Amino acid sequence: MTSALNLSPTNLVASGVQRAVYFHPTDRTKLIKVLKPSTKMPRRNNFNGIVDRWFPSTRLRQIRKEYSEYLRIMLGHPEPEFRAPMSHMFGFVSTNIGLGCLTESVLNADGTLGQTLGAKAKAQTLSDHDIDLLNDTIARIFANDIRASDMNPNNFVFGHRDNGDGPGQEECVLVDGFGDIHAIPVRSMGKWSNRIGLNDSCERLARNTKLTWHKNTLQFSR
Ligand SMILES: Nc1ncnc2c1ncn2[C@@H]1O[C@H](COP(=O)(O)OP(=O)(O)O)[C@@H](O)[C@H]1O
Ligand SMILES: [Mg+2]
């Protein structure tokens, strides 16, 4: 007998462009991301939007790239003290609304879903402490040469992840947009070209959050 996990609208916590995000029905430390059917996606007329309409398989390719980047990073860092700047990914679960990607949740201290960098920037509630947390994550992205050329402010979430023994330290976690997201893999090559891509991405992130990016120190400030 096969059984699928039942996700109800009450479990829905967030919705991105591509994916609907649900709390796991019995485990708050986990989220389930389900790809939205393409008819329910807002029509986008930029390059990626057009590619999605014509080649829906590129969306699947993005997921595949995200997982392969996750594998590359984790297999390259077996040391127990490694603190991944991106959310851990635990594979797939069958759900009543389709295939779900199981991932860890980033939560506020009260157990609600953490806020994104985008939401905090928009509400002008980004504190100095938040900027320190963002800088710590950015430093780990550069140090580990992570392919993340889609650093959108809504893909960073502030909060705590479960460390197996309750909520871990507060951090700013990259929850989406890693792996080579381009249909044409312009930046899937070397470390040097990846750094150029990361730098461009940080400049864009600064513009979108009204922060300043310092490319010499690889840090953001007000
Ligand atoms: N691991 C996570 N912890 C907390 N919130 C998350 C997590 N992953 C995603 N979210 C929330 O869900 C939104 C959409 O998820 P995301 O993975 O970015 O989907 P999409 O591919 O549609 O952009 C994010 O902008 C964020 O608000
Ligand atoms: Mg996203």
Quiz item: Say a paramagnetic label sat at a point 7 Å from the Cα of Ser8, along Cα to Cβ; which residues of region 16-39 have their backbone N under 17 Å from it?
Solution: 22-28
Practice problem: Would you pull out the residues with amide H under 5 Å of Gly114's amide H, same chain only if 5 or more places away, H placed 1.01 Å from N? | Solution: Val106, Leu107, Asn108
Practice problem: Give the cross-link partners of Lys33 among the lysines, using a straight C-alpha distance below 23 Å as the criterion and excluding same-chain residues fewer than 8 apart. | Solution: Lys65, Lys120
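For the chain, what relative contact order do you get, as a whole percent, if you take Cα pairs closer than 8 Å and at least 6 residues apart?
Working: 344 pairs, mean separation 41.6, N = 222.
About 19 percent, as a whole number.
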Quiz item: Once you put a point 7 Å from the Cα of Lys122 and another 7 Å from the Cα of Arg44, both along the Cβ direction, what distance in nm separates them?
Solution: 1.5 nm
Quiz item: Measuring from a point 7 Å past the Cα of Arg195 along Cα-to-C-beta, which residues in region 65-93 have an amide N at less than 20 Å?
Solution: 73, 85
Quiz item: Under a GNM of the chain (C-alpha, springs under 10 Å), which listed residue has the highest mean-square fluctuation: Phe90, Phe158, Phe47?
Solution: Phe47
Quiz item: Pick from Thr209, Thr39, Thr29: which is most flexible by mean-square fluctuation in a GNM of the chain where alpha carbon atoms under 10 Å apart are linked?
Solution: Thr39
Quiz item: At a Förster radius of 30 Å, what calculated FRET efficiency corresponds to the Cβ-Cβ distance of Ala206 and Val93, to the nearest 0.05?
Solution: 0.25
Exercise. Please build a GNM for the chain, connecting alpha carbons under 10 Å apart, and tell me which residue among Gly49, Gly177, Gly100 fluctuates the most.
Key: Gly49
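Given charges of +1 on the Cβ of Lys and Arg and -1 on the Cβ of Asp and Glu, with all other atoms neutral, how large is the dipole of the chain about its Cα centre, in debye to the nearest 20? Let's see the in-between values first.
On the way: 28 positive and 22 negative charges, 235 e Å.
Charge dipole, the chain, about its Cα centre: 1120 debye, nearest 20.
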Quiz item: Dipole of the chain (Lys/Arg Cβ +1, Asp/Glu Cβ -1, origin at the Cα centre): which of Gln62, Pro37, Ala139 lies farthest to the positive side?
Solution: Pro37
Practice problem: Starting from the Cα of Lys36, draw a straight line to each of the aspartates and glutamates and keep only those under 13 Å, dropping any in the same chain fewer than 8 residues away. | Solution: Asp52
Quiz prompt | Dimensionless Rg ratio for region 9-221, taking C-alpha atoms and the 2.2 N^0.38 Å reference | solution = 0.99
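All of the numbers you see were taken from the coordinates with simple rules; none came from a lab. These figures come from a predicted structure and were not determined experimentally. In this analysis, Cβ positions are derived from the backbone assuming ideal geometry, glycine residues included, and neighbour counts consider all displayed protein chains.
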